[in-house]
1. Tally the residues that are part of a helix (DSSP H, G or I) and of a type in the set (G, A, S), restricting the search to the stretch A:284-300.
2. Is one or more of the residues making up the stretch B:274-283 in contact with a helix residue (DSSP H, G or I) (Cβ under 8 Å, 6 or more places away or on another chain), within 7 Å of chain A (Cβ to nearest Cβ), surrounded by 22 or more Cβ atoms within 10 Å (Cβ to Cβ) and not in a helix (DSSP H, G or I)?
3. Of these, B:D48, B:D40, B:D97, which one is exposed (fewer than 15 other Cβ atoms within 10 Å of the Cβ) and either basic (K, R) or within 30 Å of A:F199 (Cβ to Cβ) (or both)?
4. How many residues does the stretch A:100-110 contain that are surrounded by fewer than 21 Cβ atoms within 10 Å (Cβ to Cβ) and not β-branched (V, I, T)?
5. Given (1) assigned to a helix (DSSP H, G or I); (2) facing chain A (nearest Cβ under 10 Å); (3) of a type outside the set (F, W, Y), where does B:G420 come up short, assuming only one miss?
6. Given the residues B:V402, B:V390, B:V435, which is the only one that is of a type in the set (V, I, T), within 26 Å of B:A283 (Cβ to Cβ) and free of Cβ contacts under 8 Å to residues at least 12 places away in the same chain?
7. Read through the list (1) buried (at least 23 other Cβ atoms within 10 Å of the Cβ); (2) more than 9 Å from chain B (Cβ to nearest Cβ), then give the number of the only condition that A:S349 fails.
There are 2 protein chains.
Amino acid sequence: MPTGLGARAAKELTMTEEATETLEDRLSGIHRALEQQQLDHVDAVLADLEPAEIALLLESLPPATRLQLWARVPGGEVGGEVLLDVHEEARSTLIEDMDHAELVAAASELDATDLAELFEDLPQQAAQAMLGSIDEQQRARLQERLAFEADSAGRLMRTDTVTVRADVDLGVVRRFLRLKEGVPDNTHALMVVDRDGVFVGALPLARLLSHDDGLTVADLMATDVDTIPAAMSAREVATLFQTHNLVAAPVVDEAGTLLGRIVVDDIVDVVREDSEQAMMNMAGLDEGEDLFGPVLPSARRRAVWLGVNLATAFLAAWVIGRFEDALDKIVALAVLMPIVASMGGIAGSQTLTLAIRGLALGQISRINSAWLLRKEVGIAVLNGLLWALVVAVLAYLWFGSVGIGVIIAAALVINMLAAGIAGIVIPLLLKRSGVDPALSGSVILTTVTDVVGFMTFLGLATIFLL
Amino acid sequence: MPTGLGARAAKELTMTEEATETLEDRLSGIHRALEQQQLDHVDAVLADLEPAEIALLLESLPPATRLQLWARVPGGEVGGEVLLDVHEEARSTLIEDMDHAELVAAASELDATDLAELFEDLPQQAAQAMLGSIDEQQRARLQERLAFEADSAGRLMRTDTVTVRADVDLGVVRRFLRLKEGVPDNTHALMVVDRDGVFVGALPLARLLSHDDGLTVADLMATDVDTIPAAMSAREVATLFQTHNLVAAPVVDEAGTLLGRIVVDDIVDVVREDSEQAMMNMAGLDEGEDLFGPVLPSARRRAVWLGVNLATAFLAAWVIGRFEDALDKIVALAVLMPIVASMGGIAGSQTLTLAIRGLALGQISRINSAWLLRKEVGIAVLNGLLWALVVAVLAYLWFGSVGIGVIIAAALVINMLAAGIAGIVIPLLLKRSGVDPALSGSVILTTVTDVVGFMTFLGLATIFLL
């Protein structure tokens with residue numbers, strides 16, 4: 001077997017024997033080995049793992065053990081890839097643990113795409129040191145990348161594109177590829193460019209293999225292929241890949257010059273991070289939050305979110321305080337009022353979650369938002385009436401007062417209606433103002449349902465029962 | 001240019017001109033055209049779109065307009081692919097609108113992978129009709145697929161694998177591929193099998209192109225390639241692709257016989273659906289929920305979740321009811337008690353969301369859960385003390401009672417501690433019992449923080465203030 005190919009090939013396909021040994025088994029093994037200082041065993045386990053798996057192991061360990069394991073991870077290329085695979089917060093704890101020489105060694109093995117991603121997370125001093133230590137060509141490439149905005153196609157693309165000219169015979173292309181050896185593993189098509197480097201078409205390898213010599217590249221290439229502008233956001237690129245079922249796409253500058261290519265493998269990460277982000281943001285968390293990170297920074301970050309919520313909770317309390325008189329006279333109101341607020345909050349968060357997903361998928365627009373609002377109002381009325389009836393009966397049985405039963409039913413219907421409307425209107429308004437609806441939608445919604453819930457229930461009681 | 005290649009090639013790469021016309025523009029255009037019965041315009045727009053884009057348009061339209069548009073979508077292959085691309089609930093509204101002949105026409109163009117997915121959603125009668133109308137070969141293939149569990153590798157794989165034998169010369173392989181024409185577009189490697197169809201290795205196209213004739217497949221193929229068992233779950237396959245940076249992987253049965261291949265393009269959908277599902281489940285929604293679906297079924301499904309929440313809200317109300325005496329004497333308790341419950345709920349949902357993500361990524365295990373619990377307790381104590389101080393001061397200023405300030409501070413710290421512990425323990429217990437933590441974690445958590453919050457605040461007040 002030709003040398004130098006085994007390692008590359010292994011990555012394209014998969015190893016299930018390892019997969020049957022679960023992460024949990026490996027974690028306990030590593031944990032025990034580190035405790036008993038059986039470093040040979042640790043090294044043996046690490047040697048068997050892909051960088052992404054080492055990253056997952058590191059993320060699953062508390063800080064002290066994590067750094068012990070990190071010290072055993074081979075430097076250079078493996079170390080660099082591991083750094084890229086861990087989430088942001090964990091990444092910075094690992095970087096803090098490295099000296100400049102180690103950082104430079106890790107960086108020097110990365111391509112420009114990965115280097116740019118890593119570079120942005122480096123502390124100022126380490127970043128300066130790295131810029132000073134990498135060679136001039138690498139520095140130039142890094143700066144080219146950093147010129148593109150974060151999370152743009154220009155940052156995401158790979159530059160290991162294999163290009164050919166249109167007028168070349170297929171036989172010549174085949175000889176060229178043989179001389180070149182080592183076409184990148186995930187090459188799906190050769191990119192065809194003109195004399196100025198402008199993209200003119202693509203020649204899939206499968207097609208090159210299915211045809212005889214004698215034809216030229218121009219005869220066989222696909223030309224009805226448009227291109228991704230380097231400034232397009234990663235999220236838009238991901239949408240394009242999914243709606244067009246793309247495998248690979250060329251990235252070009254404004255003049256149409258080929259800059260690189262994006263392959264579907266890279267899109268998987270974008271899609272995963274995007275969905276994770278929405279879920280984390282809805283709980284007021286940062287996407288890069290480190291599950292096993294140190295207590296103090298986590299506490300500080302989460303404190304902000306709790307403070308915002310406290311302000312809204314005090315607003316709700318202030319509303320309740322307006323009705324001290326009613327509460328003083330009818331204690332049942334205090335007992336039942338959380339039910340009204342809670343049902344509104346749950347109903348509203350269902351609508352809000354649907355709206356946030358719909359906005360992310362691009363399904364909601366001016367055309368259909370009125371229809372959507374009517375639908376959610378319809379659902380709110382139906383479910384409001386259904387559960388209002390149940391609550392009214394239970395409240396009557398509990399407190400023996402028809403008045404309280406009627407009033408809680410009315411308040412419940414009104415609050416669920418407000419929840420349905422707020423669940424659509426709030427994310428639309430946030431989106432229009434350029435604010436991520438996942439980030440602040442739920443606090444605002446809960447404020448609405450708490451305030452409306454307490455105010456209608458206690459207000460109606462004040463009017464009709466006092 | 002050789003015929004029959006243009007259409008295929010266009011899919012591999014991308015069309016940005018269309019992308020600049022936003023979905024919103026297209027939606028308004030289609031909407032207007034449908035209203036004004038300009039069906040030629042509708043047809044022209046549809047002819048320009050990929051199936052996944054048509055699916056998105058359909059999902060973005062209210063039921064009546066959706067069916068009008070669906071009637072204009074070409075049947076056969078396009079119709080079949082569109083059906084597969086829409087979410088489940090929307091899919092069934094479209095299927096209901098089709099007669100048997102249309103269904104059979106759509107089905108007959110789908111490969112076995114897609115057909116099996118579609119088949120499971122068909123109403124009984126339509127399913128029977130389809131089984132009766134497809135040819136025997138297609139029926140046999142469909143039944144083979146249905147024998148694999150839903151969401152397994154056996155369902156996910158494609159069977160358009162190109163196989164070769166190990167002892168063949170590369171020149172022969174190249175001639176074979178030329179004769180074959182039309183190697184599937186996203187073929188990344190040829191699969192090498194023995195006489196019995198057992199998988200023995202993989203030969204990447206890039207490698208085939210970089211080497212001269214004279215070598216055999218065995219000389220060049222990668223053999224350190226393991227395989228995906230057909231029974232592996234789609235989620236595990238996705239994890240494997242991500243941790244091993246895979247582009248394609250062979251699927252085999254228990255004897256090692258090659259059954260098909262899974263490519264990274266298919267993984268994108270699995271990853272997206274998986275993350276969407278967690279977010280939707282946390283709000284008690286179904287992943288397939290149709291944003292523009294009819295009101296009644298949506299209301300019915302969501303009613304169940306609201307009912308569960310109502311039961312827990314009554315539990316909280318019952319707890320409050322135990323302290324009627326205190327509430328009757330000190331009205332400030334009723335005003336302030338939602339603050340304690342709400343802060344616990346927010347803090348708990350932060351921990352819960354992190355734990356749910358950690359479990360999904362496989363980061364949490366027996367080894368580290370104790371450490372994690374200590375960390376969350378630490379954060380809860382720090383943030384509890386910080387905000388307890390703020391709340392105590394504000395409560396004192398509002399009601400002029402040191403006792404109330406001290407008691408609400410104590411209750412807040414206790415409830416946030418309970419929230420931190422519950423946020424870790426609840427998802428771990430649910431996971432161990434085989435229940436999806438995203439689905440029921442948040443209801444249980446809110447119950448805990450409501451009950452603990454009301455009980456400690458009102459209980460302490462009863463003991464010390466009455």
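The values are calculated or read from the model by the stated rules, or taken from the named source; none is laboratory data. Since the structure is predicted, the reported quantities are computational estimates derived from the model, not experimental observations. Glycine also receives a Cβ, built like all others from the backbone with ideal geometry; neighbour counts cover every protein chain displayed.
1. The qualifying residues number 2.
2. yes
3. After ruling out the rest, the residue left standing is B:D48.
4. Of the residues in that region, 6 qualify.
5. Of (1) assigned to a helix (DSSP H, G or I); (2) facing chain A (nearest Cβ under 10 Å); (3) of a type outside the set (F, W, Y), only one is false for B:G420: (2).
6. Only one candidate qualifies: B:V435.
7. So A:S349 meets the others, but not (2).
Quick grid of which residues meet (1) farther than 19 Å from A:S133 by Cβ; (2) part of a helix (DSSP H, G or I):
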site	(1), (2)
A:G80	no, yes
A:L83	no, yes
A:A90	yes, yes
A:M98	no, no
A:E102	no, yes
A:A106	no, yes
A:D114	no, yes
A:L118	no, yes
